[in-house]
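For reference, the structure is listed below as structure tokens.
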Amino acid sequence: MWSTTFERFSPGRIPLVGPVVVAVSDWARPKSGESVMFEHIVLERLSVAHPGWPLAIYLTFGVATVAAALVRGAGVATVVTMYAGGWLLWSLVEYVMHRFSFHHSPKTTRQVAFGYVVHGVHHAFPEDPRRWMIPIAVSIPITALLFALFYGVGGLAGLAVFGGFVHGYITYDTIHWAIHRNVFGTRVGRFLRRHHMQHHYATPHRRFGVSTPLWDVFFGTLR
């Protein structure tokens with residue numbers, strides 16, 4: 001299991017690729033304070049994110065793709081339906097990615113290092129505010145590839161789906177930031193924070209949804 005990784009491997013400095021070494025801590029034992037993954041200052045800077053940049057980039061990008069679909073002739077009903085479908089698709093991707101990729105149980109030391117960079121560092125240092133959102137150095141290339149895929153396959157409808165998908169993504173990232181920042185004052189917000197904190201501190205093998213528990217309910221991982 002992912003949570004018992006460091007019963008099989010030792011934390012410490014682990015090579016990732018070439019000369020790049022990752023300072024790995026046990027992600028099953030959360031610590032306070034900020035983490036340092038890379039000795040190289042540029043790599044370390046690229047591995048963190050301020051919430052302002054992702055919000056500005058992806059809110060704008062999503063609006064632009066929806067507007068482009070409308071301007072180029074897609075019907076309003078089609079755009080609204082496809083946009084909502086894209087948002088729902090993101091929520092499923094969020095769940096699947098978190099459960100099966102972020103919490104993949106590593107088989108080699110290099111997989112340990114990779115898993116730590118991708119998600120383990122956030123579990124090891126859950127209150128490091130620099131790691132509450134996905135770095136744009138990671139998200140921009142992935143988003144560009146997905147845009148090409150959605151548009152290439154779906155045309156104007158694909159633009160609308162992508163708009164909903166990317167807005168679903170930035171909603172997830174912003175909710176994740178707000179959960180850890182503990183700024184929610186609503187009943188729903190308090191539920192989402194409790195749901196996510198239980199994932200961090202009690203049941204890392206369950207409660208994988210962040211922006212919604214929908215797919216945890218559907219797949220039976222809410223308990």
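Every read-out reported here was derived from the displayed coordinates using simple, explicitly stated rules and does not represent laboratory data. Everything numeric in this text was worked out from a predicted model, so none of it was measured. Glycine gets a Cβ as well: all are built from the backbone with ideal geometry, and neighbour counts include every protein chain shown.
Quick look at the numbers
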quantity: Length released on extending from Ala68 to Phe184, taking residue separation times 0.36 nm less the Cα-Cα span; calculated: 38.4 nm
quantity: Charge dipole magnitude, Cβ of K and R +1, D and E -1 - the chain, Cα centre, debye nearest 20; calculated: 440
quantity: Where a label projected 7 Å from the Cα of Ala77 along Cα→Cβ would reach, residues of the range 138-181 with amide N under 17 Å; calculated: 157
quantity: CD proxy at 222 nm, helix term only [per DSSP H run n ≥ 4: -39500 (n - 2.57); per residue of the chain; nearest 500]; calculated: -18500 deg cm²/dmol
quantity: Nitroxide proxy distance, nm - points 7 Å out along Cα→Cβ at Ala137 and Val93; calculated: 2.3
quantity: Listed residues Leu89, Phe191, Ala160: farthest to the positive end of the dipole of the range 2-219 (Cβ charges); calculated: Phe191
quantity: The chain: radius of gyration and largest Cα-Cα distance (Dmax), Å; calculated: 18.4, 57
quantity: Simple label model, 7 Å out from Cα along Cβ direction - Lys107 to Leu55, nm; calculated: 4.3
quantity: Span-like helix ranges in the chain, DSSP H, alpha carbon extent 18 angstrom or more, Kyte mean at least 0.0; calculated: 52-71, 76-96, 136-181
quantity: Phe218 versus Arg29: modelled label distance in nm, points set 7 Å from Cα along the beta carbon direction; calculated: 3.8
